[in-house]
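Peer 1: This is the structure I have questions about; it appears just below.
The values are calculated or read from the model by the stated rules, or taken from the named source; none is laboratory data. The structure displayed is predicted, hence computed values, not measured ones. Positions of Cβ are backbone-derived with ideal geometry, glycine not excepted, and every protein chain shown enters the neighbour counts.
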Amino acid sequence: MPTFIVSLFLPYTIDFHDLPTPARRSSPPPFLNRKDSAPDINTRTSLFPQGTPPRTPAATADPAEFFSQTQPSVATHFLRPHEPRALVRSDAHIPEWGRNSFFNQPRSRAGPIPPETILKYVQAEKDKKDAEKRHHSRTPSRHHRRMASGRIPGSPRSRTLSKEREGWSTEWTVEPAVQGNGGLTNAIRAATETGSMNDVFWVGTVGFPTDSLEGSMRDEIREKLDNEYDALTVYVSDSDLDGHYTHYCKTILWPVFHYQIPDHPKSKAYEDHSYNFYRNVNRAFADKIIKSYKRGDVIWINDYHLLLVPGMVREKLPDAQIGFFLHTAFPSSEVFRCLSVRKELLEGMLGANLVAFQSPEYSEHFLTTCSRLLVVEATADGVQLEDRFVDVASVPIGIDPKGLNQARADPDVMEWIDVMQQRYKGKKLIVARDQLDNIRGVRQKLLAFELFLNKNPDWREKVVLIQVATSTAENTELAATVSDIVTRIDSIHSTLAHQPLVFLRQDIAFSQYLALLSVADVLLITSLREGMNLTCHEYVLCQDGKYTDKKFGPIILSEFTGSASVLGSNVLTINPWDYQQCANDIRIALEMPDNEKERRYNHVRDIVTHQTGEFWCSTLSKRLAKVYEEQYSRDTMSIPRLSLTKLSVQYQKSNTRVFILDYEGTLATLSTPKNVHLSSPQRVIDALNDIISDEKNIVYVMSGRTPEELERLFIRVPSLGLIAENGCFVREFGQNEWIAFPDLSKVEQWKESVKNILQYYIERVEGSEIDERYCSLRFNYARAEDGDAAARQAGDCANHINDACGSQRVHAVPVDKAVLIEPIEWSKGTAAAHIFEGLVEQKKNGGVEFLMVAGDDREDEVIFRWANGLQKEGLVKEVITVSVGKRNTEALATLTQGTSGLLMALQKLAKLR
């Protein structure tokens, strides 16, 4: 079964060979440390060996570099079609367009960013439309054509662009991409090698701006990637790609998902405008998937760049099997609600059959956000929409141990291990590799390390922190702050023979990276928020002592990373904002006894080697297939119509028959105001009396109404069994007394707590009211003047009650124009089970042989599930579960005629004797 792996970037890119390559870098320019002053963080300290000097590299005046930057993300530079792809660094970063590129590729032709104010934006749009009108109103001269294209006749820029445009269409090769999601690439590669995934097709962009390419060149690239690499290329304009990634993903989504609400740009117009770019790119991906899709294909969409794609694909392919995995963190509802297009993003994600996250925390945040912002029912398993159910899960991604071990065996890695062991002989190494941004916590890490040195002078000349700080964007304020900290540490704690901090504002070669993890004594990660962090997983494997002495180095890990929930108490978990705790844990890690190190290491190694990338792929694939099958089986289009002929045969063969029928929406459509005399339609009364007239039949009607209301409704149906308030009360068939399952004195206790909360929202939603019953409360806002504002308050109300009163065993569920608050322990299913157990004990006529349950809404699903289970266990020979609604259901049959069809079926059965 083919699987589409959809990600913003393909694991392949294109390198053009026929032009000068000013952007290509095989190594950085040599930067030297200043001999008599503290190093600036912009100084690219390197550790290339020139012998083995006695001092640590940052303290030496030797201008030779120790580390050098080569192509950092890929272990090998060779790639042939259909051969296993090279191992990619799991946390590969995405370079800015045209900067720090390792390949010769076109630069972006995207225009300037949108104006910062809405007035400028409106004026710019008006000027653009006026220019287009003038352009189409006359035939442009050669001069105007050149000016419109941005070229001034005879200018050097004109000649450069002309050569550039001609050059991109000749010699080129396919190369492993250095940008993109390295963890995803490694996981898919491992899964295909082991056979747990087959027929994988990647869907994504080639990773560079393509407006400069001629149409024929695009076709050639697309055909080669499609035919030889099973990669489907999505082409988007430079403006869309730049606006999507740089302006919306990185400026808005990325900070919000990591709990940093951006205060720039401050204009709503900017966000709305960049969202248009975001939507355009998502639409291009959806169109590509739809065009390539064949029935039975599996679609896996990845990460926050493509949140709208599941919904767009679902709209055109309603029966497709779609999964979505978010590799980053997902914030709490309080943070996510700050997005202006929050509903559109959530609805896009909910187009999938399965939405998965890195940790239970993120999935819980997603469920709460959906309940609060979309006012839908969110259960522990997923989100109930109007017509279908979306499963939500947490499955943490892992690394590829086999591929990593192969990369570790490279001779370059062995050589670097030897060099580093000699260079740092007698020193304890704390290592870290992070992107230099506001989320990875580099500033907090350096401050904690400085505090450690201040508090522990005996460690000053025994320990070295090597911090590799990669950067893809300029952040001058953060860079200046970090520079000050680095300068202060160096000026206070460095000596002529030793410098405790080596700060590298550059990436290092993959072989150096693996060697550094192998010789390290401690790994220090202080991310302020991170979806996972696979660096610590790679560190665990590199610490196994295969190529070095067994160190079993501890991990100091931020509690705000997904990996902290995976590795648990086997690592030293810290709050990166607590510098005191972090400094103390650095000392604990350095002084930890060997037996304790080994104990912790064995636990984390078992986790890392079990929860691998391949395990992640297979688990998600199996989970998606399972939930898709379950959801498809519940779809009303997949459930067969109730056969009255078959029903009649089953009915006649049975001696003891039980009917459990929902009232509102099933037997009758009824909406009666409170305190008004209730009466059932005559047709309902007649049908129930007819079916009860057969002594073999036992009939129950269930409802959310109170016992008194049901008695008034069915006063003309003697002996009828009743289930009131969704299972809290039962009047057994042929009896007059009611059985109350909840302890009403305890119910009054939680009702008082909930009423206090509801009163807050009643005051804020004009036209709303509280409908109180014995065992439930209902916050009704059907008559609210502002429906949208009332819905927002209802979502907040439901979450408020669930958070505050969950320990009292009640839950709040958003329903149509209301929030229902009811006990968790009692339902229509528990009431039906009580009735069935009583009949079994009586062994009336040999037990129940025929059971028919009919309903139409969410409260009836639990009793459908219960009844179907009786048939599977062989406790009832003939079980008929029927839904007369349009939502997805666990019922085994549907009645398209609704209430009329059900009454007709009952009347037909009543005539059979």
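Peer 1: Please enumerate the residues belonging to the stretch 877-902 that are surrounded by fewer than 20 Cβ atoms within 10 Å (Cβ to Cβ), of a type outside the set (S, T, N, Q) and more than 30 Å from HIS811 (Cα to Cα).
Peer 2: LYS877, GLU878, GLY901
Yes/no per residue for (1) among the aliphatic types (A, V, I, L, M); (2) assigned by TED's automatic domain parsing to the domain that holds TRP416; (3) surrounded by fewer than 22 Cβ atoms within 10 Å (Cβ to Cβ):
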| position | (1), (2), (3) |
| --- | --- |
| PHE452 | no, yes, no |
| ASN475 | no, yes, yes |
| ILE489 | yes, yes, no |
| HIS493 | no, yes, yes |
| LEU496 | yes, yes, yes |
| ALA509 | yes, yes, yes |
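Peer 1: Could you grab me the full set of residues in the stretch 572-583 that are surrounded by fewer than 24 Cβ atoms within 10 Å (Cβ to Cβ) and either in contact (Cβ under 8 Å) with a residue 60 or more places away in the chain or within 20 Å of ILE397 (Cα to Cα) (or both)?
Peer 2: Applying the first criterion (surrounded by fewer than 24 Cβ atoms within 10 Å (Cβ to Cβ)) to the stretch 572-583 yields 572-573, 575, 577-581, 583.
Of everything in the stretch 572-583, those that are surrounded by fewer than 24 Cβ atoms within 10 Å (Cβ to Cβ) and either in contact (Cβ under 8 Å) with a residue 60 or more places away in the chain or within 20 Å of ILE397 (Cα to Cα) (or both) turn out to be THR573, TRP577, TYR579, GLN580, ALA583.
Peer 1: Of all residues in the stretch 716-745, how many are part of a loop (DSSP other than H, G, I, E, B) and of a type in the set (D, E, K, R)?
Peer 2: Qualifying residue count for the region: 4.
Peer 1: May I ask you to verify whether VAL819 is touching a Phe, Trp or Tyr at 6+ places or on another chain (Cβ under 8 Å) and assigned to a loop (DSSP other than H, G, I, E, B)?
Peer 2: It is false that VAL819 is touching a Phe, Trp or Tyr at 6+ places or on another chain (Cβ under 8 Å) and assigned to a loop (DSSP other than H, G, I, E, B).
Peer 1: Considering ILE698, ILE685, ILE723, ILE715, which residue is closer than 30 Å to ASP816 by Cα, of a type outside the set (Phe, Trp, Tyr), at pLDDT 90 or above and under 49 Å from the mean Cα position of the chain (by Cα)?
Peer 2: ILE723
Peer 1: If you scan the stretch 482-534, which residues turn out to be under 15 Å from PHE449 (Cα atoms) and in a helix (DSSP H, G or I)?
Peer 2: VAL482, SER483, ASP484, ILE485, VAL486, THR487, ARG488, ILE489, ASP490, SER491, ILE492, HIS493
Peer 1: Residue by residue through the stretch 215-250, note down the ones that are part of a helix (DSSP H, G or I) and either touching a Lys or Arg at 6+ places or on another chain (Cβ under 6 Å) or of a type in the set (S, T, N, Q) (or both).
Peer 2: Matches in the stretch 215-250: SER216, ASN227, ASP238, SER239, THR246.
Peer 1: Do you know which residues across the stretch 860-893 are under 34 Å from the mean Cα position of the chain (by Cα) and not hydrophobic (A, V, I, L, M, F, W, C)?
Peer 2: Passing the criteria: ASP860, GLU861, ARG865, ASN868, GLY869, SER883, GLY885, LYS886, ARG887, ASN888, THR889, GLU890.
Peer 1: If a residue must be hydroxyl-bearing (Ser, Thr, Tyr) and within 21 Å of the chain's Cα centre (by Cα), how many such residues does the stretch 279-320 contain?
Peer 2: Matching residues across the stretch 279-320 total 1.
Peer 1: Can you pull out the residues in the stretch 631-655 that are without any contact (Cβ under 8 Å) to a residue 40 or more places away in the chain, under 27 Å from ASP387 (Cα atoms) and not in a loop (DSSP other than H, G, I, E, B)?
Peer 2: Correct list: SER633 only.
Peer 1: Among (1) within 29 Å of ASN181 (Cα to Cα); (2) out of contact with any strand residue (DSSP E or B) (no Cβ under 9 Å at 6 or more places or on another chain), there is one condition ILE555 misses while meeting the rest; what is its number?
Peer 2: For ILE555, the exception is condition (2).
Peer 1: Can I ask one more? Of all the residues that make up the stretch 481-514, how many are small (Gly, Ala, Ser) and either over 33 Å from the mean Cα position of the chain (by Cα) or at pLDDT 95 or above (or both)? Step through it out loud before you land on a result.
Peer 2: Just the residues of the stretch 481-514 that are small (Gly, Ala, Ser), to begin with: 483, 491, 494, 497, 509, 511.
Still in the running and either over 33 Å from the mean Cα position of the chain (by Cα) or at pLDDT 95 or above (or both): 483, 491, 494, 497.
Going through the stretch 481-514 one residue at a time, the tally reaches 4.
Peer 1: Got at least one residue in the stretch 841-857 being in a helix (DSSP H, G or I), surrounded by fewer than 23 Cβ atoms within 10 Å (Cβ to Cβ), within 38 Å of the chain's Cα centre (by Cα) and touching a residue at least 24 places away in the same chain (Cβ under 8 Å)?
Peer 2: No: the stretch 841-857 contains no residue that is in a helix (DSSP H, G or I), surrounded by fewer than 23 Cβ atoms within 10 Å (Cβ to Cβ), within 38 Å of the chain's Cα centre (by Cα) and touching a residue at least 24 places away in the same chain (Cβ under 8 Å).
Peer 1: Here is a check on your reading of the model: is ASN780 assigned by TED's automatic domain parsing to the domain that holds ILE715, surrounded by 14 or more Cβ atoms within 10 Å (Cβ to Cβ), modelled with pLDDT of 90 or more and under 36 Å from the mean Cα position of the chain (by Cα)?
Peer 2: no
Peer 1: Take GLU461 and tell me if it is crowded, with 17+ Cβ neighbours inside 10 Å, over 30 Å from the mean Cα position of the chain (by Cα) and free of Cβ contacts under 8 Å to residues at least 40 places away in the same chain.
Peer 2: The answer is yes for GLU461.
Peer 1: Quick one: which of HIS811, HIS834 is part of a strand (DSSP E or B) and surrounded by fewer than 20 Cβ atoms within 10 Å (Cβ to Cβ)?
Peer 2: Among HIS811, HIS834, only HIS811 is part of a strand (DSSP E or B) and surrounded by fewer than 20 Cβ atoms within 10 Å (Cβ to Cβ).
Peer 1: Quick check on my filter: what residues within the stretch 171-198 are part of a helix (DSSP H, G or I) and crowded, with 22+ Cβ neighbours inside 10 Å?
Peer 2: Matches in the stretch 171-198: GLY182, GLY183, LEU184, THR185, ASN186, ALA187, ILE188, ARG189, ALA190, ALA191.
Peer 1: While we're on this one: Every residue in the stretch 273-302 that is buried (at least 20 other Cβ atoms within 10 Å of the Cβ) and either without any contact (Cβ under 8 Å) to a residue 24 or more places away in the chain or farther than 25 Å from ILE252 by Cβ (or both), please.
Peer 2: Once the filter is applied, which keeps residues that are buried (at least 20 other Cβ atoms within 10 Å of the Cβ) and either without any contact (Cβ under 8 Å) to a residue 24 or more places away in the chain or farther than 25 Å from ILE252 by Cβ (or both), the stretch 273-302 yields VAL298, ILE299.
Peer 1: Ok, one more. When you scan the stretch 297-309, how many residues do you find that are more than 23 Å from ALA187 (Cβ to Cβ) and out of contact with any helix residue (DSSP H, G or I) (no Cβ under 8 Å at 6 or more places or on another chain)?
Peer 2: 0
Peer 1: Could you check how many residues of the stretch 746-771 are part of a loop (DSSP other than H, G, I, E, B) and of a type in the set (Ser, Thr, Tyr)?
Peer 2: 1
Peer 1: Can I ask one more? Counting only residues that are farther than 30 Å from LYS696 by Cα and in contact with a Pro (Cβ under 7 Å, 6 or more places away or on another chain), how many does the stretch 714-760 have? Outline the logic, then answer.
Peer 2: At the first step, the residues of the stretch 714-760 found to be farther than 30 Å from LYS696 by Cα are 742-760.
Filter again for in contact with a Pro (Cβ under 7 Å, 6 or more places away or on another chain), leaving 742.
So the answer is 1.
Peer 1: For the stretch 544-559, enumerate the residues that are without any contact (Cβ under 8 Å) to a residue 40 or more places away in the chain and within 23 Å of the chain's Cα centre (by Cα).
Peer 2: LEU557, GLU559
Peer 1: Return a yes/no flag: does the stretch 450-463 have any residue that is at pLDDT 95 or above, out of contact with any Leu (no Cβ under 8 Å at 6 or more places or on another chain) and among the aromatic types (Phe, Trp, Tyr).
Peer 2: yes
Residues are listed down the side, and each one gets a yes or a no for (1) polar (S, T, N, Q); (2) more than 23 Å from LEU710 (Cα to Cα); (3) in contact (Cβ under 8 Å) with a residue 40 or more places away in the chain; (4) in contact with a strand residue (DSSP E or B) (Cβ under 7 Å, 6 or more places away or on another chain):
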residue: GLU769; (1), (2), (3), (4): no, no, no, yes
residue: ARG773; (1), (2), (3), (4): no, no, yes, no
residue: ALA784; (1), (2), (3), (4): no, yes, no, no
residue: CYS797; (1), (2), (3), (4): no, yes, yes, yes
residue: GLY838; (1), (2), (3), (4): no, no, yes, no
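Peer 1: Of the numbered conditions (1) modelled with pLDDT under 95; (2) on the phi < 0 side of the Ramachandran plot, TYR304 satisfies every one except a single condition; which is it?
Peer 2: Checking TYR304 against (1) modelled with pLDDT under 95; (2) on the phi < 0 side of the Ramachandran plot, the one that fails is (1).
Peer 1: Which of the residues spanning the stretch 432-453 are within 26 Å of the chain's Cα centre (by Cα), closer than 11 Å to PRO576 by Cβ and of a type outside the set (D, E, K, R)?
Peer 2: ILE439, GLY441, VAL442
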